[in-house]
Amino acid sequence: MQIINPATGNLIKEIDNASATNVRAAYEKLRAGQRKWAQVPIKERIACIAKFVQLLEQNTERIAEQLTQEMGKPLAEARGEVGGAVFRTGYFIRECEQVLSSQKVADAGGTIEYLNYRPLGVVGNISAWNYPLLIGVNVHIPALIAGNSVLYKPSEFTTLTGLLLTELYHQAGIPEDVFICTTGERETGQAVLDCPLNGFFFTGSYRTGKFIAEQVASKLVPVGLELGGKDPLYVTDDIKSVDTAAAIACEGSFYNNGQSCCAVERVYVHEKVYDDFVASFQKNVEKLVVGDPTNEQTTNGPLARAAQVEFLQKQLDQAIAQGAEVLATAGRVSTQSGYFNPVALINVNHDMDVMKEESFGPILGIQKVSGDEQALQLMNDTRYGLTAGVVCEDEKRATEILSQLEVGNGYVNCCDRVSPYLPWAGQRDSGLGATLGHAGILAFVRPQGIHVRKL
Ligand code: NAD
């Protein structure tokens with residue numbers, strides 16, 4: 001497998017893909033390793049994770065540079081991702097012991113009833129490339145603290161970051177037969193699916209997620225799927241500052257070059273504030289600087305996958321052919337291959353793919369609406385259900401709108417935000433199960449009831 005720097009097209013490294021035999025051998029090691037790991041007291045397992053956090057912090061620059069080189073994220077955003085991984089891991093360190101502790105739940109006529117949690121066993125994690133550290137720790141940390149071992153297949157587009165993460169886990173004291181990284185593409189993923197794992201946790205596209213769920217259904221083990229989105233933001237007529245609303249929308253659309261599962265991909269704006277909003281949004285887009293992601297001024301680097309440029313261009317061309325108009329592009333654009341310049345469209349509608357299909361890149365449609373009813377109808381007109389946001393002065397009105405949407409996370413006056421305190425759980429075609437929050441800890445255990453009666 002060739003690891004290519006998307007900013008330059010240059011080869012970084014060649015790596016052998018793990019064969020099906022390698023993957024199976026890794027599984028056997030993890031099977032044995034898990035039995036020992038589950039016997040290690042939870043406080044000691046957590047101590048290893050605390051050491052891992054220190055290593056993340058100490059290696060921030062090295063990890064950020066690796067991530068930028070491999071997937072094209074600007075350095076500042078890559079550093080931010082390391083910080084985010086530290087923050088999330090801290091949450092698990094504080095919460096897991098209490099959430100997973102054995103509880104006495106009832107004394108039923110002399111029979112004491114306890115609830116215990118047992119690790120699943122060996123769990124598989126097939127992952128995406130857009131936030132490899134964040135979506136990695138979402139699964140790895142609670143799985144490891146709960147006493148599971150992990151077979152990890154990072155995305156082929158962030159292989160080196162996956163290997164670096166693995167190096168830090170091992171340096172922190174996680175045994176080498178408890179966390180194993182198998183590198184490769186789809187075939188390596190298939191080999192992971194073929195192992196008799198005790199749980200499968202996937203982050204990636206709807207298409208692959210559905211395929212994985214079907215493949216492993218007969219194994220009767222937990223499956224977690226974190227899939228795509230087509231997330232909307234609605235700007236109501238009561239806002240006092242269109243500039244604030246436009247800044248929120250622009251950041252939500254173009255951060256990480258729009259390559260976020262919860263990026264804002266469509267904005268609906270009340271007709272009373274539409275013209276002012278659009279004028280302000282244009283100014284925001286024009287501040288974006290496309291270019292070399294190692295340059296500190298750059299806000300948007302190349303796309304992580306060269307093939308995505310053609311996909312986005314097709315969405316853009318189709319929308320324009322159907323009547324959309326370009327409102328704005330970045331202030332400084334790039335003509336280099338591998339880059340797609342951020343673009344905002346107006347005069348869009350739901351006959352256009354750009355308003356219906358996940359773009360996963362820096363393209364956005366802004367549509368005028370007559371009021372809450374039309375906004376709701378359009379926001380819900382999607383097969384996805386990851387997040388939705390409302391920019392509104394009236395919190396009650398905003399939460400009422402959000403309550404009518406089938407989404408895992410709703411935002412009032414913010415967007416593109418993930419908190420470890422809350423479950424991350426896509427609805428509809430955006431996923432199954434949850435990571436983060438207490439639900440995302442309990443995803444890696446099975447409950448067991450114990451009934452104790454005195455003789
Ligand atoms: P992808 O589905 O192409 O690939 C994801 C992983 O699956 C990769 O590791 C890939 O090698 C592996 N894979 C592909 N085909 C496989 C197969 N047949 N069998 C086994 N493994 C296989 O997705 P991607 O391009 O890496 O990620 C982008 C997608 O991920 C977007 O849709 C985005 O919205 C979604 N995503 C969702 C979340 C979330 O939290 N909901 C977070 C990040 C990304």
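Of all the listed residues (GLN313, GLN336, GLN308), the sole one being under 21 Å from ASN130 (Cβ atoms) and crowded, with 18+ Cβ neighbours inside 10 Å is GLN308. Determine if the stretch 397-405 includes at least one residue that is closer than 22 Å to GLU97 by Cα, of a type in the set (Gly, Ala, Ser) and at pLDDT 95 or above. No, every residue in the stretch 397-405 fails to be closer than 22 Å to GLU97 by Cα, of a type in the set (Gly, Ala, Ser) and at pLDDT 95 or above.
Taking every residue in the stretch 255-281 that is within 16 Å of ASP237 (Cβ to Cβ) and pairing it with any residue that is away from the ligand (no atom under 16 Å from the Cβ) and in a loop (DSSP other than H, G, I, E, B), at least 6 positions away or on another chain, the pairs with Cβ-Cβ distances below 7 Å are HIS270/THR236; HIS270/ASP237; HIS270/GLY371; GLU271/SER370; LYS272/ASP237; VAL273/ASP237; VAL273/ILE239.
A count restricted to the stretch 194-207 and to residues that are open to solvent by 10 Å² or more (accessible area, probe 1.4 Å) and in contact (Cβ under 8 Å) with a residue 12 or more places away in the chain stands at 9. Which of the residues belonging to the stretch 78-117 are in contact with a strand residue (DSSP E or B) (Cβ under 6 Å, 6 or more places away or on another chain) and of a type in the set (S, T, N, Q)? If the condition is that a residue be in contact with a strand residue (DSSP E or B) (Cβ under 6 Å, 6 or more places away or on another chain) and of a type in the set (S, T, N, Q), then SER102, GLN103, THR111, ASN116 are the ones that fit.
Here is a yes/no grid of residues against (1) under 18 Å from GLN315 (Cα atoms); (2) in contact with a strand residue (DSSP E or B) (Cβ under 9 Å, 6 or more places away or on another chain); (3) within 16 Å of the ligand (Cβ to nearest atom):
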site: MET355; (1), (2), (3): yes, yes, no
site: GLU358; (1), (2), (3): yes, yes, yes
site: GLU373; (1), (2), (3): no, no, no
site: THR387; (1), (2), (3): no, yes, yes
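Of the residues making up the stretch 157-171, those that are open to solvent by 10 Å² or more (accessible area, probe 1.4 Å) and in contact with a helix residue (DSSP H, G or I) (Cβ under 8 Å, 6 or more places away or on another chain) number 4.
Looking only at residues of the stretch 214-251 that are among the acidic types (Asp, Glu) and within 14 Å of the ligand (Cβ to nearest atom), we find that the one that is surrounded by the most Cβ atoms within 10 Å (Cβ to Cβ) is ASP231. Tallying residues that are open to solvent by less than 60 Å² (accessible area, probe 1.4 Å) and in a helix (DSSP H, G or I) within the stretch 3-27 yields 4.
Could you list all residues from the stretch 84-95 that are among the small types (Gly, Ala, Ser) and under 15 Å from the mean Cα position of the chain (by Cα)? Talk me through it step by step, then tell me what you get.
Filtering the stretch 84-95 down to residues among the small types (Gly, Ala, Ser) leaves 84-85, 90.
Selection gives GLY84, ALA85.
Identify all residues within the stretch 158-213 that are among the charged types (D, E, K, R) and within 9 Å of the ligand (Cβ to nearest atom); write none if there are none. Give the steps one after another, and end with the answer.
From the stretch 158-213, those among the charged types (D, E, K, R) are 167, 176-177, 185-187, 194, 207, 210; that's our starting set.
Of everything in the stretch 158-213, those that are among the charged types (D, E, K, R) and within 9 Å of the ligand (Cβ to nearest atom) turn out to be GLU185, ARG186, GLU187, ARG207.
Taking the listed residues ASP416, ASP381, the one that is crowded, with 23+ Cβ neighbours inside 10 Å, part of a loop (DSSP other than H, G, I, E, B) and of a type in the set (Asp, Glu) is ASP416, with no other qualifying. When SER127 is tested against (1) among the hydroxyl-bearing types (Ser, Thr, Tyr); (2) buried (at least 16 other Cβ atoms within 10 Å of the Cβ); (3) farther than 30 Å from GLY361 by Cβ, only condition (3) is not met.
Of all residues in the stretch 419-443, those satisfying the criterion of being part of a strand (DSSP E or B) and either farther than 22 Å from ILE46 by Cβ or free of Cβ contacts under 8 Å to residues at least 12 places away in the same chain (or both) are GLN427, ARG428, GLY431, LEU432. Scanning the stretch 28-76 for residues that are open to solvent by 10 Å² or more (accessible area, probe 1.4 Å) and among the hydroxyl-bearing types (Ser, Thr, Tyr) gives a single hit, THR60. Tell me, yes or no, whether the stretch 273-292 has at least one residue that is within 20 Å of TRP129 (Cβ to Cβ) and at pLDDT 95 or above. Yes - at least one qualifying residue is present in the stretch 273-292.
The values are calculated or read from the model by the stated rules, or taken from the named source; none is laboratory data. In this text the structure is predicted, and so the values were computed from the model without any measurement. Please note: Cβ atoms are built from the backbone with ideal geometry, for glycine as well, and neighbour counts cover all protein chains shown. The area values use the complete protein model at the heavy-atom level, side chains included, leaving out ligands, DNA and RNA. Shrake-Rupley method; radii C 1.70, N 1.55, O 1.52, S 1.80 Å.
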